[in-house]
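What follows is one structure encoded as structure tokens, with my remarks underneath.
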Amino acid sequence: MAESKQSAETTDVQKKIRAAFEAFDYELNNTVNVREIGTIIYSLGCFPSQKDLHDFIAKVEEDHTECIHLDKFLPAMTKVLLEHKFPPIPEDTLLQAFEVLDKEKKGYLEPEELTKYMTQEGESFTQEEMDEMLTALADREKNCIYYKDIISQLTIDPDK
């Protein structure tokens, strides 16, 4: 019985991985550009360090072609998800981090503020990554990021 439960879990995990991968397979040839891998992995609720991400890419990249094939990505990513590698940051920890950045306790950050922190501190984001993040998270009308409203978008409930 446990074996069929595990294979059902593996099948569910592989369906999620395949769907995330296919969203970036623009040529419909079971490959994605290596630059999309971080986004795919993040969308699956995994948050590797830059070093872990580079190591993962080195494992699955096709001979430095900047292409990742689904046949190599699927088993490697399945193992990552089933072994709970690269776990998400808990919501309360993420909220505390935003509150530290929000020195004036306004309840939001301005895009320029967040960009400064994310591109100049720690494992810095590229401008392209920041543009994608701000497009997804910023309130366009008020030009700010209400972090309490977006934390659920940035975390994954491990029980789901």
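The values are calculated or read from the model by the stated rules, or taken from the named source; none is laboratory data. None of the values given here were measured: they were computed from a predicted structure. Note: ideal-geometry Cβ built from the backbone for every residue, glycine included; neighbour counts use all protein chains shown. Protein only, heavy atoms only, side chains kept; ligands, DNA and RNA dropped before computing areas. Shrake-Rupley method; radii C 1.70, N 1.55, O 1.52, S 1.80 Å.
For residue 115, state whether it is among the polar types (S, T, N, Q) and either open to solvent by less than 70 Å² (accessible area, probe 1.4 Å) or closer than 30 Å to residue 143 by Cβ (or both).
The answer is yes for residue 115.
If residue 118 satisfies every condition in (1) under 19 Å from residue 40 (Cα atoms); (2) free of Cβ contacts under 8 Å to residues at least 40 places away in the same chain; (3) not charged (D, E, K, R); (4) not assigned by the TED database to the domain that holds residue 19 but one, which is the exception?
All conditions pass for residue 118, except number (1).
Applying the selection to the range 32-61, what residues are closer than 19 Å to residue 94 by Cα and without any contact (Cβ under 8 Å) to a residue 12 or more places away in the chain?
42
So residue 39 ticks every box in (1) under 20 Å from residue 129 (Cβ atoms); (2) open to solvent by less than 40 Å² (accessible area, probe 1.4 Å); (3) among the β-branched types (Val, Ile, Thr) but one. Which box is left unticked?
Here residue 39 meets the rest and fails (2).
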